[in-house]
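The values are calculated or read from the model by the stated rules, or taken from the named source; none is laboratory data. In this text, all values refer to a predicted model and were calculated from it rather than measured experimentally. Glycine gets a Cβ as well: all are built from the backbone with ideal geometry, and neighbour counts include every protein chain shown. Side chains are part of the model used for accessible areas, which takes the heavy atoms of the whole protein and leaves out ligands, DNA and RNA. Shrake-Rupley method; radii C 1.70, N 1.55, O 1.52, S 1.80 Å.
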Amino acid sequence: MEQDSLAPNHRAPGEGGEMGIGRGREKYEFDARVLDFESEKAHFWIEGFVKISNVFTHEEMAIVKEVVNKSAAMTARLADLRKWQKEGKRPAFASIFVWNDVDGSDVFSKMSRSHKVLDRLDYYFDDEAYPYHNKITLKHPGIVGFPPHQDLNYWAEMGSVFPETFAVWIAIDPATTENGCLKVIPRSHRVGTMPHQNWSADERDSGMEPRRYELLRQTYGEVFIEMEPGDVLVFHGNTVHGSDDNKSPSTRIAMVATMNTKRNSPLPEMNVHGHPYFFPGRIREPITQADVNLSLPNFGYAWPKPDADGKTKNARGEMLQVE
């Protein structure tokens, strides 16, 4: 599998020159190379993120996009976004459609539970990874971007004790600088979780304090992550990232699988948002056209707290033991 370098003008050992991060706002220049999980893991922990090309095929992503476009709930959310923006608001976080029913076999679970994703995540974290919640980014033309932020700022009070919730960003559409691809500050995961604040009058438009963001950007640089459909970006929960508005005529749809580790399964008394507890299992089948007809997840489902026997229930009524 091809793998890309993790810094602008990044050189591999033995190629000469210094390995480092350029300052300023740069477009990522990747050097494609074949890497194994050990190299991916090292890059993830050093830089705070790693991009893996061609995890899914273009054909698979076209099928997923068909499902997204047919979803009445996602279409209604997009209409709300356009309404709010016409009112002068910047509802960045509302452009992310989120759900907790993630242990099924629907087309979205076939991405977040794919062995091609989970096998490498288990290796990165030396533990079993599992989906914590799934999201679709509804970034149609004109939809606003995100201020730079750290995901763990929002996840820290959701019941998981360790900073081991992290993101797997899967490109469904091409992601370009024109349509608002992700921009990331390399190595920013090393600074811990920083204070955040609203960036506008809209409470859904929050990010890290501008002064701290600018200092990090000047120190470590900021890079734009352009991606093709089926490419995957894995990044740490403390990695500072954001995106610009979509100023292009093209959609930039993506799925973000928020992942967790088994040892970080949420404490029941703190799991106020009904996120799933650890569950095993991965999916090895590819996404096919027949998946368009699969049932969608229960977008409103919240996992109940375990009963006296330590069991909880998923959206299909199946009892699962909380470990």
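Observations on the structure shown:
- Within the accessible area of segment 217-312 (1.4 Å probe), percent carbon and sulfur: 52
- Segment 117-146 and segment 153-192 have Cα centres separated by 8 Å.
- You can think of it this way: the chain between GLU269 and LYS65 has 69.8 nm of extra reach, that is 0.36 nm per residue less the Cα-Cα gap.
- For segment 223-239 versus segment 287-318, the gap between their alpha-carbon centres in whole angstrom: 27
- Percent RCO, i.e. relative contact order, over the chain, from Cα pairs under 8 Å lying at least 6 residues apart: 27
- Loop-located GluC sites (Glu not before Pro) in segment 185-280 (DSSP state other than H, G, I, E, B) with a sparse environment of at most 14 neighbouring Cβ atoms within 10 Å: GLU203.
- Counting only lysines at least 8 places from LYS116 when in the same chain, those with an alpha carbon closer than 21 Å to its own are LYS41, LYS51, LYS65, LYS135, LYS262.
- Segment 229-323: trypsin sites (Lys or Arg not before Pro) falling in loop per DSSP and having at most 15 other Cβ within 10 Å: LYS247, ARG284, ARG316
- The label-point distance for ASP80 and SER53, in a model that sets each label 7 Å from Cα toward Cβ, rounds to 3.8 nm.
- ASP307-GLU38 FRET efficiency (beta carbon distance; Förster radius 56 Å; 0.05 resolution): 0.85
- Once the chain from MET319 to GLU285 is taken as fully extended at 0.36 nm per residue, the excess over their C-alpha distance is 9.8 nm.
- Highest-MSF residue in the chain out of ASN264, ASN69, ASN134 [GNM, Cα springs under 10 Å]: ASN69
- Among MET270, MET194, MET255: highest mean-square fluctuation, GNM of the chain, C-alpha pairs under 10 Å: MET270
- Using R0 = 22 Å, the C-beta based FRET efficiency linking GLN218 and GLU178 works out to 0.30.
- Our estimate of slack between ASP119 and ASP244, defined as 0.36 nm per intervening residue step minus the Cα-Cα distance, is 41.8 nm.
- Candidates ASP231, ASP80, ASP101, ranked by Gaussian network fluctuation over the chain, Cα under 10 Å, top entry: ASP80
- In this simple spin-label model, placing a label point 7 Å from the Cα along the Cα-to-Cβ direction at both PHE93 and ASN293 gives a separation of 4.0 nm.
- In this rough spin-label picture, where each label sits 7 Å from Cα along the Cβ direction, the ALA73-VAL161 distance is 3.2 nm.
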